[in-house]
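No lab work stands behind these numbers, since they all come straight from the coordinates. All values reported here derive from a predicted model rather than from experimental measurement.
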């Protein structure tokens, strides 16, 4: 089998696996949003500050998902293994 | 299915190859648009009245709400940061909305997002050193000296996560929209993508713009005052 | 390569989505420059003037509000002053009324006292008059009694007495009359 094809196939698999951490991110963001909604329901008069804090919290919780996305984008579009293999194959 | 950043021209400047990409072209289009808008507002400012109406009302509402937003996030001391972040706000917003007109958003290129995040990173460091001097540098070695690598990497991760957040959302929109346009038959292309455009370009674009500005301002203000996160 | 020149290359490489190489760095640099340029243009042409305009207007409105507040305070002060004056007028009225009451009461008392003293005088005079009248009446009655007695004595004397008896009787009667207690 063509080694390049194997590398590309596994890179795609790695990208998919890296994106799996979106599950945890989604759970965390759901927690943040539900807690914020509870807080707003309890104290509607401070909903403005709760909302802005919630957005910051959502963005922070999103960070791990962003790192997964970074790895999958690297695997798909800027795979460092392919130049390595090409260099190796030429030599 | 075409979501690549196309290269329009390739320049050769003093032996260095420089690609002029679609991103840059779109950036210049947006810059031209915003500059024209700004000049129109500047000319009309002379005829602005005490009691605003119509166009003046819209401009005042935008500027005033942005002013309040900066004020609420960083306080009175750092109002001059508004000059930079007003550009970030309008630019990212307009480039997200540009997706509605088939313009590939410049923020869907990592280089644009990273350029903006890099400025935020530089501001964090400079403001921290100016306003807290030694204490800011010392905060890298807290709570113990051996935590320095962790803190350092955490600091470096900030512009990366900031830029990838913006880039990832914009790119997701671009990829999704181009996949949808590639999938559906041509006679369905009028109505169906409108809802997706609404989500990916309008909602996500506005939200990511807001989050980028809020996070940057929060990082800067917390680095320049005590109790950094 | 000729240094310091820029020209278009014919071969255009394929597009891509993401890459980490020299081109990415150059792109970042160009985008930074673009962003800085746009920021400068926007802040000098749009953001700052509009902010200045808004702030000027806010200041103007605040100044107007302040002026109105000052005038309000002045009017309040004036109002207070007038109210005080009104209060004073009321008090003055009460004072005058009281003074008049007091004067009237005093005068009445005075008049009453005068009348009383007048009445007492009159009464005293009347009493004196009555006394004098009574004395006069007593005197008159005594004189009449003396006259009657002397007339009776004269008649008796002319009928039955000689000169020596007459003289003796006359002297006796006179002594008796003089010793009689007419006066009370």
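Summary table below
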| item | result |
| --- | --- |
| Theoretical ellipticity at 222 nm over chain B - DSSP helices of four or more residues, -39500 (n - 2.57) apiece, nearest 500 | -23000 deg cm²/dmol |
| Radius, Kirkwood style, for the protein assembly as shown when every pair of distinct Cα atoms is counted (Å) | 32.4 Å |
| Cα-based Rg / Dmax (Å) for the range C:69-184 | 42.0, 137 |
| Between the range C:126-166 and the range B:50-100, the alpha-carbon center distance in angstrom | 146 Å |
| Value of relative contact order over the range B:102-160, rounded to a whole percent, pairs C-alpha under 8 Å and six or more apart | 35 percent |
| C-alpha long axis of helix B:82-98 to longest principal axis of chain B, angle in ° | 30 degrees |
| 10 Å binning of all Cα-Cα separations within the range A:3-90, expressed as whole percents from 0 upward | 17, 31, 21, 15, 10, 5, 1 |
| The range B:1-136 - percent relative contact order, Cα under 8 Å, separation 6 or more | 21 percent |
| Cα-based helix-to-principal-axis angle, C:163-179 vs chain C, degrees rounded to 10 | 20 degrees |
| Debye log10 I(q)/I(0) at q = 0.17 Å⁻¹ for the range C:38-136, Cα point scatterers | -0.94 |
| Unit Cα scatterers, Debye sum, chain B: log10 I(q)/I(0) for q = 0.13, 0.14 Å⁻¹ | -0.93, -1.03 |
| Added length on full extension, which subtracts the Cα-Cα distance from 0.36 nm per residue, residue B:147 to residue B:76 | 22.2 nm |
| Computed over the range B:143-211, Cα set: Rg, Dmax in Å | 18.8, 65 |
| Degrees between helix C:22-42 axis and first principal axis of chain C (Cα, 0 to 90, nearest 10) | 30 degrees |
| Relative contact order (percent, whole number), the range B:65-224, Cα cutoff 8 Å, 6+ residue spacing | 39 percent |
